[in-house]
1. Does segment 95-152 hold any residues that are basic (K, R) and either under 21 Å from S198 (Cα atoms) or crowded, with 21+ Cβ neighbours inside 10 Å (or both), and which are they?
2. Within the bounds of segment 160-173, is there any residue that is closer than 22 Å to I97 by Cβ and touching a Phe, Trp or Tyr at 6+ places or on another chain (Cβ under 9 Å)?
3. Might you check whether a residue that is touching a Lys or Arg at 6+ places or on another chain (Cβ under 9 Å) and of a type in the set (S, T, N, Q) occurs anywhere in segment 62-79?
4. Identify all residues within segment 185-195 that are within 21 Å of the chain's Cα centre (by Cα) and either at positive phi or modelled with pLDDT of 90 or more (or both); write none if there are none.
5. Among (1) closer than 27 Å to D39 by Cβ; (2) in a helix (DSSP H, G or I), there is one condition L103 misses while meeting the rest; what is its number?
6. Against the condition outside any loop (DSSP other than H, G, I, E, B) and small (G, A, S), how does A86 come out, does it pass?
7. Quick one: which residue in L140, L174, L213 is at pLDDT 95 or above and in contact with a helix residue (DSSP H, G or I) (Cβ under 9 Å, 6 or more places away or on another chain)?
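The values are calculated or read from the model by the stated rules, or taken from the named source; none is laboratory data. Treat the numbers as computed from the prediction; the structure is a model and nothing was measured. Here Cβ is always computed from backbone atoms with ideal geometry, including for glycine, and neighbour counts include all displayed protein chains.
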Amino acid sequence: MAFLTKSELLNRACSMHKNMEKDEKIPNDDNKILVVLQDERYSFDTDDIKQASIDLCISNKALRYKKNSVYKIDLKEFITSDDKDAFINNLFDEEEIDAEKGLKLMPNETIFTTSRDYIVVPTDLVAFVFARSWVARLGLMVTFSAPYLPPGVQWNFPLQIKNCTENPIIIFPLKLIQIMFSNVRGYTKGYQGHYQGSTDSKPIVDRDEAYTLKDFLDPDNK
């Protein structure tokens, strides 16, 4: 597998300012790598393009499990629930990762957030997300929920941040992650899944998938 280097990234990557609505899709006829900045205060600096990656910030919004919660995480209950928002609200509190005060992450605690910027992957590329080296060396695990970003996907991609140390760590909405791109061979029409256009880290199970999973979990209930 070969990744795009700095010269190729400089040629393919561009930015724009736009406040994205949920499920909104941006036309990308030129098949560019688009970094969509959703706040006029932010800018995309070509210095963030490294030898084979682009540095990106995490969002200032996060979900964390409710303190002292005894609510169990039952995957079957979530899949079959008719009110998934209520299910999620029972599990999580919405938190702000303040730019000045930060957010304290306790030992072995995990929070869920997204990339600060909305990313549009061209249909001829796939992307991979990794924590930056200095972040990992301090004991923070920053991971993406799946191994890669598929061709044509558009979203604020979800992230999990875990404190792997025995000490509290105060995190800030900094450039904690890097994204790398690789070419795909052959034609692809691009990502068509239900996370297209998503702007938060909440899990989604669409209607058809939910029915399929219900049949798998309870095959006698026809």
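1. Kept after step one, since they are basic (K, R), are these residues of segment 95-152: 101, 104, 116, 132, 137.
Hit for segment 95-152 is R116, nothing else.
2. Yes: one or more hits.
3. no
4. Within segment 185-195, the first condition is being within 21 Å of the chain's Cα centre (by Cα), and the residues that meet it are 190-195.
Passing the criteria: G190, Y191.
5. For L103, the failing item is (2).
6. Numbers: outside any loop (DSSP other than H, G, I, E, B): yes; small (G, A, S): yes.
So A86 passes the test.
7. Values: L140 fails: in contact with a helix residue (DSSP H, G or I) (Cβ under 9 Å, 6 or more places away or on another chain); L213 fails: at pLDDT 95 or above.
Among L140, L174, L213, only L174 is at pLDDT 95 or above and in contact with a helix residue (DSSP H, G or I) (Cβ under 9 Å, 6 or more places away or on another chain).
Matching residues to (1) at pLDDT 90 or above; (2) of a type outside the set (A, V, I, L, M, F, W, C); (3) closer than 23 Å to F3 by Cα:
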residue	(1), (2), (3)
V121	yes, no, yes
I169	yes, no, no
G197	no, yes, no
P219	no, yes, no
